[in-house]
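The values are calculated or read from the model by the stated rules, or taken from the named source; none is laboratory data. From a predicted model like this one, the values you see are computed outputs, not experimental measurements. No Cβ is skipped: glycine too gets one built from the backbone with ideal geometry, and neighbour counts run over all protein chains shown. Side chains included, ligands, DNA and RNA excluded: accessible areas come from the protein's heavy atoms. Shrake-Rupley method; radii C 1.70, N 1.55, O 1.52, S 1.80 Å.
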Amino acid sequence: MSQLSTKHLLGIKDLTPEDLHLIFQTADQFKEVINRPIKKVPSLRDITIANVFFENSTRTRLSFELAEKRLSADVVNFSAGNSSVKKGETLLDTVNNILSMKVDMVVMRHASPGAPHFLSKHIDANIVNAGDGTHEHPTQALLDTFSIREKLGDVAGKKVCLFGDIVHSRVALSNIFALKKLGAEVMVCGPKTLLPKYVESLGVKVELDVRKALQWCDVANVLRIQLERQQLKYFPSLREYSQYYGINKGLLDSLDKEIVIMHPGPINRGVELNSDVADSDAAIILDQVENGVAVRMAVLYLLAGAGA
Amino acid sequence: MNRRKIFSSELLDITIQRMTQQLIENHGDFEDTVILALQPRGVFLAERLKTCLEENIGRPINLGYLDITFHRDDFRRREKPLQANTTHIPFLIENKKVILVDDVLYTGRSVRAAMDAMITFGRPQAVELAVLIDRKYTRDLPIEPNVVGQHVNTVASQRIEVELKGKDYQEDSIWLTEKTQD
């Protein structure tokens with residue numbers, strides 16, 4: 001197996017476990033590449049990639065751009081803020097205009113769930129979903145599971161708990177799909193108002209008590225409270241949230257085991273995660289960021305190969 | 001299918017001994033020389049050469065593994081992308097003499113990619129190429145080996161098959177095969 005089963009990366013849901021393993025094996029090699037004195041390979045030198053961001057991003061966008069540049073691709077950046085989208089241009093028109101300038105791949109972030117799926121039905125280029133609303137964020141899940149694999153040797157059989165704002169989190173959904181496909185046990189933990197109804201139907205455990213969830217898991221992936229997506233009040237105050245669901249050193253020290261702490265960033269320090277945990281040795285948050293570049297290189301490389 | 005054995009187990013041993021002697025002639029005690037094996041198929045030869053060299057010289061030889069997948073010139077031109085292998089070079093190649101090792105030299109394109117991949121690790125003083133089999137008159141690029149196990153005259157329809165002692169085969173042998181027209 002040296003080829004993905006798809007020509008777009010729209011979501012983890014569409015990938016096979018073999019795809020995930022192939023991406024990891026390729027990312028292993030790219031991780032070695034980005035630690036060389038010259039961190040660049042010429043693989044994608046005849047490819048142009050457009051990063052089309054209709055929603056804010058620093059980490060993901062920077063990570064994609066670095067990945068593209070280290071593969072020697074030509075890169076054009078587009079953000080909706082200062083574009084003709086403001087003048088009322090449709091998504092399809094915008095993207096078709098970009099593609100007429102001979103662009104081969106589109107990396108897109110959009111606030112509407114399903115936007116990249118819609119696009120994939122209408123255009124020829126390879127599409128990579130860099131987050132669509134509250135739906136999926138496949139590359140984040142890939143780098144999260146890649147980091148677990150790197151830290152613990154394997155993902156299969158590991159117990160992973162996702163904490164916090166599950167209902168608004170595309171990272172959570174993609175992680176659940178990826179972890180289940182790789183054979184991990186998955187739990188979600190948070191206040192009932194931030195857990196989706198029927199989340200059990202995805203095959204995950206639900207726990208409302210942070211301490212019990214921490215005691216159960218090997219890896220805690222703490223998600224950000226997404227205040228910008230919360231149109232209602234889901235909990236009384238940030239202070240109360242932090243009191244009941246924030247993870248701090250005292251709580252971790254009171255467990256009789258060590259667990260790995262992850263966070264997809266940006267961290268709300270003192271809300272879902274305290275600084276004494278975020279900056280501790282148990283946290284692999286910065287490894288996740290480093291792995292993000294390698295994993296995105298692997299995805300772009302494999303999709304470019306598949307699109308030939 | 002036509003199949004002709006070009007290396008038996010004994011001949012392979014003798015050839016590797018001779019290549020070792022040739023390398024020692026050029027590189028002395030290997031103080032400033034390192035070996036880079038091209039993944040995946042140059043590895044067996046490089047490891048045998050390393051063992052043989054160490055027996056002769058009596059000191060450890062630096063051997064690294066170089067994967068060329070991301071430097072190939074046929075990406076997106078072949079039907080399926082190739083699976084990448086590990087690159088592991090646990091030493092500096094800056095100002096060293098580097099011996100690239102591969103099993104078969106055919107078009108020269110892999111060696112071109114290998115030189116490209118190699119210089120991302122530094123600037124070697126000099127680079128040589130050692131191959132077990134040199135397929136003559138088949139080059140696409142102006143690349144010639146410095147140390148050769150055997151020159152073989154081939155045509156494009158022929159293939160070289162390497163079988164190594166281990167779990168799949170009883171003994172080492174290398175074959176020149178050709179598909180017959182049905």
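To the nearest 0.05, how large is the calculated FRET efficiency for residue B:8 and residue A:151 if R₀ is 41 Å and r is the Cβ-Cβ distance? Display every interim value, and only then the final one.
Numbers: r = 48 Å, r/R0 = 1.17.
Rounded to the nearest 0.05, the efficiency is 0.30.
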When the accessible area of each residue in the range B:36-73 is compared between its chain alone and the complete protein assembly (1.4 Å probe; ligands, DNA and RNA ignored), which residues differ by at least 40 Å², being lower in the assembly? B:70, B:71
Of all DSSP beta bridges in the protein assembly as shown, antiparallel share, percent nearest 5: 20
The range A:19-56 and the range A:130-181: distance between their alpha carbon centers, rounded to Å: 20
Expressed in angstrom and rounded, the centroid-to-centroid distance over alpha carbons for the range B:37-63 and the range A:62-126 is 49
With a 1.4 Å probe, how much accessible area is buried between chains A and B, both sides summed, in Å² to the nearest hundred? 2100
So how much slack lies between residue A:83 and residue A:180, counting 0.36 nm per residue of separation and subtracting their Cα-Cα distance, in nm? 31.0 nm
Output the antiparallel fraction of DSSP beta bridges having both residues in chain B, as a percent to the nearest 5. 35
Dividing the surface of the Cα convex hull of chain A by four yields a projected area in nm² of 15.9
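Could you compute the FRET efficiency for residue B:116 and residue A:257, with r as their C-beta to C-beta distance and R0 at 51 Å, rounded to 0.05? It would help to have the intermediate numbers written out before the result.
Working: r = 48 Å, r/R0 = 0.93.
Efficiency at R0 = 51 Å is approximately 0.60.
First check a/c for the range A:138-288, with a ≥ b ≥ c the square roots of the eigenvalues of its C-alpha gyration tensor; if it is under 1.5, answer rounded, and if not, answer prolate when a/b is larger than b/c or oblate otherwise. Walk me through the intermediate numbers first.
Values: a/c = 1.44, a/b = 1.14, b/c = 1.27.
Cα axes put the range A:138-288 in the rounded bin.
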Describe numerically, in nm with one decimal, the distance between label points set 7 Å from Cα along Cα→Cβ at residue A:118 and at residue B:18. 7.1
List for the range B:106-132: residues with 20 Å² or greater reduction in accessible area, all protein chains versus chain alone, probe 1.4 Å? B:120, B:121
In deg cm²/dmol, rounded to the nearest 500, the helical mean residue ellipticity at 222 nm of chain B, built from -39500 (n - 2.57) for every DSSP H run of length 4 or more, is -8000 deg cm²/dmol
If you roll a 1.4 angstrom probe over the protein chains with everything in place, what fraction of the accessible area of the protein assembly as shown belongs to carbon and sulfur, to the nearest %? 48
Note every residue of the range A:289-308 with a reduction of at least 40 square angstrom in accessible area, all protein chains present versus the isolated chain, computed with a 1.4 Å probe, or write none. A:301, A:305, A:308
Between their Cα atoms, which of A:181/A:249; A:13/A:181; A:197/A:257; A:212/A:249 are more than 20 Å away from each other? A:181/A:249; A:197/A:257
Keeping all protein chains in place, calculate the accessible area per residue for the range A:50-174 (probe 1.4 angstrom), answer in Å². 38
Between residue A:45 and residue B:77, the two model label points (7 Å from Cα along the beta-carbon direction) sit apart by a distance in nm of 1.2
Cross-link pairs beyond the 27 Å C-alpha cut-off, checked among A:69/B:80; A:40/B:165; B:80/B:179: A:40/B:165
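What whole-number value in Å² describes the accessible area per residue of chain B for a 1.4 Å probe? Each step should come with its number before you reach the end.
Values: 9480 Å² over 182 residues.
So chain B comes to 52 Å² accessible per residue, rounded to a whole number.
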Using the Karplus equation 6.51 cos²θ - 1.76 cosθ + 1.60 (θ = phi - 60°), what ³J(HN,Hα) coupling, rounded to whole Hz, does each residue of the range B:31-39 give in order, writing x for Gly and Pro? 5, 10, 10, 10, 10, 10, 8, 7, 6
Prolate/oblate/rounded call for chain B, Cα gyration tensor, a/c under 1.5 rounded: oblate
Collect residues whose amide H, placed 1.01 Å from N in the peptide plane, falls under 5 Å from the amide H of residue B:7; neighbours closer than 5 in sequence don't count. B:174
For residues of A:43-55, the mean tally of beta carbons on other chains within 10 Å: 1
Out of the trypsin sites (Lys or Arg not before Pro) in the range A:19-65, which ones are loop residues according to DSSP with at most 15 other C-beta atoms within 10 Å? A:39, A:40, A:45
Starting from the 7 Å offset along Cα-to-Cβ, what nm value, one decimal, do you get for the label separation of residue B:107 and residue A:35? 3.3
Near residue A:233, which lysines are there with a Cα under 16 Å away, not counting those fewer than 8 places off in the same chain? A:192
Please compute the length gained on full extension between residue A:14 and residue A:276, using 0.36 nm multiplied by the number of residues separating them and subtracting their Cα-Cα distance. 90.5 nm
Unit charges at the beta carbon, dipole of the range B:29-182: most positive-side option, B:121, B:153, B:57: B:121
